[in-house]
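Working notes, structure below.
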Number of protein chains: 2
Amino acid sequence: MDHDEARTRILDAAEKLFYDRGIQSVGMDELRTTAGVSLKRLYQCFPAKHDLVEAYLRRRDARWRTTLAAYVTEHADTPDARPLAVFDWLHDWFSAPDFRGCAFINSFGELGATSDGVGRVAREHKRALLSYLTDLARDAGVTEPAAMGAQLSLLVDGAITTAAVSGDPSTARQARTAAAALLAAGASGG
Amino acid sequence: MDHDEARTRILDAAEKLFYDRGIQSVGMDELRTTAGVSLKRLYQCFPAKHDLVEAYLRRRDARWRTTLAAYVTEHADTPDARPLAVFDWLHDWFSAPDFRGCAFINSFGELGATSDGVGRVAREHKRALLSYLTDLARDAGVTEPAAMGAQLSLLVDGAITTAAVSGDPSTARQARTAAAALLAAGASGG
DNA sequence: AACGAGGGAGAACGATCGTTCTCCGGAGGT
DNA sequence: ACCTCCGGAGAACGATCGTTCTCCCTCGTT
């Protein structure tokens, strides 16, 4: 097993365990066991736990946004349909058995006050999501894409946290309905 | 100092420390020091840490909802204005220097997978908020109060988490604008 | 004045944490 | 065949955690 494979296996284990149970509830020993690597290898890939935490969040950010964008471009026939497709993707995600809310909000709540890195990555993730939603709104012909993007991002974050706490995927449907109403009002100049 | 005063001081310390830095980052010794009580007293008021955590969340839930309701009834002249007043209160809250997001979402992200009690209290808090917002929507004459309440609650939760991560109180304004658009669309039938 | 109950201060305990160290076996070069 | 190096397994370390125990002082009662 070479360095890159070890890194990947460690990050896979970290994503599974950290996302499921929170960061401080998972020890380095359990990570090592789940990843199937030696402790020495773990520490030469990630010199400290906070390095692993930050790498986990960065990789998840990239994957999450890539997966969302791929779904939207595939499932929306016209630019107008794209913003609503976001909420269809959310419904799929909420229905996954291991769904447990937004990894960045969870990490921020747990460590945001203690770790600068966690706060920074969470901020970047939300800023990137806002930027993406603003692009979708602009392409859909909304008169004020920045304001619409911000409002859509509120619905997305609200749906994620509500679905996480309640465990009910239909939250995505309610958010979709609200988004449709906002888009209907905003397309004609609101 | 009698039993009740000790309990109050412990809960005050817990609320300050747990909300600021997360639950697992705060030890019982620091709690004891901040509360100014002895360790023996602390453990006779709350036999274990998770008891204190649950009591902290329950008291915060009651206070948070009472404060919100008081603000709304005082600042909204007509029933129609009440739903929007919620977002004015959010703006005040977001602007407070110690604002760090929703205590229940934060706790849920940190311990929801581990502790049943935390998950239960978080769920109850969000359900009570939904019920309150639905009442406001009904009193405002919305045609489908349940759907409107759910949508408003998405905006509220989205605004709280976005404001927490970004640190920008104006998130409340964007949520208010979105809520106004939804209410305008929903008041006339749907 | 003598005594017992109870609380304060903080040491002590066992567990667990993140991190480092030790030991050992196996692969590769001479 | 021998030496060297590297990675694996896991013991070990110091810190810190939640929790309990010890010691001592104070106070109310008789």
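Side notes on the structure shown:
- Ascending distances from the B:Thr8 label point to its copies in the other chains, with the point 7 Å along the Cα-to-beta-carbon line: 6.1 nm.
- Förster radius 30 Å - calculated FRET efficiency between A:Glu74 and A:Met1 (Cβ-Cβ, nearest 0.05): 0.30
- Qualifying GluC sites (Glu not before Pro) for segment B:61-144 [loop in DSSP, other Cβ within 10 Å: at most 16]: none
- In chain A, the beta carbon lying closest to the axis that superposes A onto B belongs to the residue given here with its whole-angstrom distance, A:Gly158, 2.
- When the Cα positions of A:Gly22, A:Val72, A:Val121 are compared along the charge dipole of the protein assembly as shown, A:Gly22 comes out farthest toward the positive end, with charges on each C-beta of Lys, Arg, Asp and Glu.
- With label points set 7 Å from Cα along Cα→Cβ, the inter-copy distances at A:Gly167 are 3.7 nm, sorted shortest first.
- Inter-copy label distances at B:Glu124, shortest first and taken from points set 7 Å along Cα to Cβ: 4.0 nm.
- Computed about the Cα centre, the dipole magnitude for segment A:48-187 is approximately 280 debye when only Lys and Arg (+1) and Asp and Glu (-1) carry charge, each at its Cβ.
- Helix B:171-187 and the longest principal axis of the C-alpha atoms of chain B enclose an angle of approximately 40°.
- Using a Förster distance of 56 Å, the FRET efficiency for A:Ala187-B:Asp51 (Cβ separation, nearest 0.05): 0.60
- 0 to 90° range, to nearest 10: angle between helix A:3-21 axis and chain A longest Cα axis: 60
- Think of a 1.4 Å ball rolled over the protein heavy atoms: chain B then has 43 Å² of accessible area per residue.
- Label-to-label distance, nm, for residues given as A:Arg65 and B:Asp135 (7 Å Cα→Cβ offset): 4.2
- Chains A and B together, accessible area buried on both sides, 1.4 angstrom probe, square angstrom: 3000
- Of the accessible area of chain A, computed with a 1.4 Å probe over protein heavy atoms only, carbon and sulfur atoms account for 49 percent.
- Segment A:140-190 and segment A:63-134 have Cα centres spaced 13 Å apart.
- The residue among B:Ala146, B:Ala55, B:Trp93 whose Cα reaches farthest toward the positive pole of the charge dipole of chain B, with charges on the beta-carbon of Lys, Arg, Asp and Glu, is B:Ala55.
- Among A:Arg58, A:Arg41, A:Arg176, the largest mean-square fluctuation in a Gaussian network model of chain A, built with springs joining Cα atoms closer than 10 Å, belongs to A:Arg41.
- Take each residue in A:18-29, count the other chain C-beta atoms within 10 Å of its C-beta, and the mean is 3.
- Highest-MSF residue in chain A out of A:Ala96, A:Ala128, A:Ala69 [GNM, Cα springs under 10 Å]: A:Ala96
- Backbone N under 20 Å from the A:Thr33 label point (7 Å along Cα→Cβ), restricted to segment B:94-131: B:113-115
- Principal-axis tilt of helix A:145-166 within chain A, Cα atoms, nearest 10 degrees: 50
- Residue with peak Gaussian network fluctuation, chain B [Cα springs, cutoff 10 Å], from B:Gly27, B:Gly119, B:Gly101: B:Gly27
- Based on C-alpha pairs under 8 angstrom that are at least 6 apart in sequence, chain B has a relative contact order of 20 percent.
The values are calculated or read from the model by the stated rules, or taken from the named source; none is laboratory data. Being a predicted model, the structure only gives us computed values, none of them experimental. Backbone-built Cβ (ideal geometry, glycine too); neighbour counts: all protein chains shown. Just so you know, the surface numbers come from the protein's heavy atoms only, side chains and all, with ligands and any DNA or RNA stripped out. Shrake-Rupley method; radii C 1.70, N 1.55, O 1.52, S 1.80 Å.
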